[in-house]
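Worksheet: one structure, shown below.
Read-outs throughout are calculated quantities, based only on the coordinates presented, and are distinct from any laboratory measurement. These figures come from a predicted structure and were not determined experimentally. Cβ sites come from the backbone with ideal geometry, for glycine too, and all protein chains shown count toward neighbours.
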Amino acid sequence: MRQYSQMSASTITTMHCGGNIARLFEPETKDQLRALLAEFDDFIMLGGGSNMIFEDALISSPVIRLGKGFDTVSRSKENVCCGAALLTSRLLNYCEEHGLSGLEFLAWIPGTVGGALFMNAGTAQRGIMDEVIDIEVMDKEGTRYIPRSDLNYGYRTGGFSPDTVITGARFAMKSAPREQIFAAVESFRKKRRDQPSGYSCGSVFKNPPHTSAGQLIEQAGMKGFAIGGAKVSQEHANFIINDGTATATDILDLIRTIKNNVRERFGIELVEEVRIIGKRL
Ligand SMILES: Cc1cc2nc3c(=O)[nH]c(=O)nc-3n(C[C@H](O)[C@H](O)[C@H](O)COP(=O)(O)OP(=O)(O)OC[C@H]3O[C@@H](n4cnc5c(N)ncnc54)[C@H](O)[C@@H]3O)c2cc1C
């Protein structure tokens with residue numbers, strides 16, 4: 001098992017900010033993970049870090065990022081089984097190669113399968129949880145399988161309790177011509193290619209019912225508004241871009257300012273999609 005100490009959160013998150021993580025563990029087998037779960041009652045799961053902001057302080061809770069042994073993918077007829085550390089881009093490549101359709105909407109969403117399931121990543125209409133049969137999780141008692149029907153999943157939530165460790169999942173796919181899958185993937189890629197570039201965590205806020213967070217922020221006049229090195233994107237107001245110098249404090253202050261402005265202007269409370277570790281807004 002790899003172990004790191006004093007790892008800067010800026011090197012393991014796409015937002016590129018935050019303090020040092022005192023202890024980062026990377027179990028490569030289920031036995032190693034089991035030993036960690038037996039040792040710690042309180043820990044933070046990290047996937048690809050594309051939807052997490054760690055505060056500017058020493059993160060003393062142990063952080064667990066699943067290693068090589070969880071980076072697996074295989075198929076049985078039309079079902080695909082994979083480990084939670086597999087990148088969603090690799091899952092999608094595998095499905096394309098094997099002519100298996102159903103997850104094309106994940107194209108260009110960064111991160112791992114574990115993070116995607118926890119967040120129910122996808123589009124406004126569809127999330128990865130819609131395609132899953134069951135999810136493998138581990139706790140102090142051991143490994144178990146949760147059928148999708150037992151989870152209260154929804155828009156940007158897989159319905160898992162915060163201490164769940166997702167270790168793998170099984171997806172129900174449908175055979176389809178590879179060209180058809182490739183064309184669907186390309187159409188999602190094209191849409192996402194227009195997203196702002198630079199260090200970000202994707203959409204910062206969930207869309208409130210019947211409206212778009214980006215539009216509300218834009219109508220509140222906040223496009224281009226900056227605090228320190230953190231700026232509301234000119235291209236898509238629900239993205240905050242770190243110019244490379246932003247601290248987590250800059251970003252959290254900007255999030256707070258956006259929420260205040262949107263609340264004052266429209267009476268709507270924006271809710272963060274991004275997971276903030278260590279600091280309450
Ligand atoms: C440029 C950009 C574009 C994006 N576009 C989209 C989009 O179109 N749609 C969308 O839904 N999201 C989008 N995102 C957000 C993000 O990519 C997704 O939420 C992604 O699925 C998170 O995966 P991750 O592995 O990086 O998770 P992380 O950010 O590492 O973690 C996210 C959450 O999942 C938990 N977690 C991670 N792994 C596990 C595990 N194994 N077991 C239990 N809990 C775990 C973490 O504790 C955390 O709470 C975008 C992000 C970026 C940077």
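Between A38 and K190, residue separation times 0.36 nm minus the direct Cα-Cα distance comes to 50.2 nm. For the range 1-96, the set of trypsin sites (Lys or Arg not before Pro) satisfying both a DSSP loop assignment and a count of at most 13 other C-beta atoms within 10 Å is given as K77. Distance from a point 7 Å along Cα→Cβ of Q219 to each backbone N in the range 233-270: keep the residues under 14 Å and list them by number. Correct set: 262-270. For the residue pairs K30/K259; K68/K140; K140/K190; K68/K223, the alpha carbons lie more than 31 Å apart in K30/K259; K140/K190; K68/K223. Among I59, I135, the ranking by other beta carbons within 10 Å of each residue's beta carbon, starting with the fewest, stands as I59, I135. According to the calculation over all Cα-Cα pairs in the chain, the P(r) per 5 Å bin from zero is 1, 6, 12, 16, 17, 17, 14, 10, 6, 2, 0 %. In this simple spin-label approximation, A176 and N152 carry label points 7 Å from Cα along the Cα→Cβ vector, and these lie 3.2 nm apart. Legend: ranking of residues H98, H210 from fewest to most surrounding C-beta atoms inside 10 Å; resulting order H210, H98. If you take the Cα centroid of the range 189-203 and the Cα centroid of the range 59-81, the two points sit 25 Å apart. Taking every DSSP helix (H) stretch of at least 4 residues in the chain, weighting each as -39,500 (n - 2.57) and dividing the sum by the residue count yields a mean residue ellipticity at 222 nm of -7500 deg cm²/dmol. Counting Cα-Cα pairs of the range 213-277 in 5 Å increments starting at 0 gives whole-percent bin shares of 4, 20, 31, 28, 14, 4, 0. By the combined test of axial Cα extent (at least 18 Å) and Kyte-Doolittle hydropathy (mean at least -0.5), the qualifying DSSP H helices of the chain come to 248-266.
Near L106: Cβ cut-off under 12 Å, other residues only, Lys/Arg at +1 and Asp/Glu at -1. The net charge is 0.
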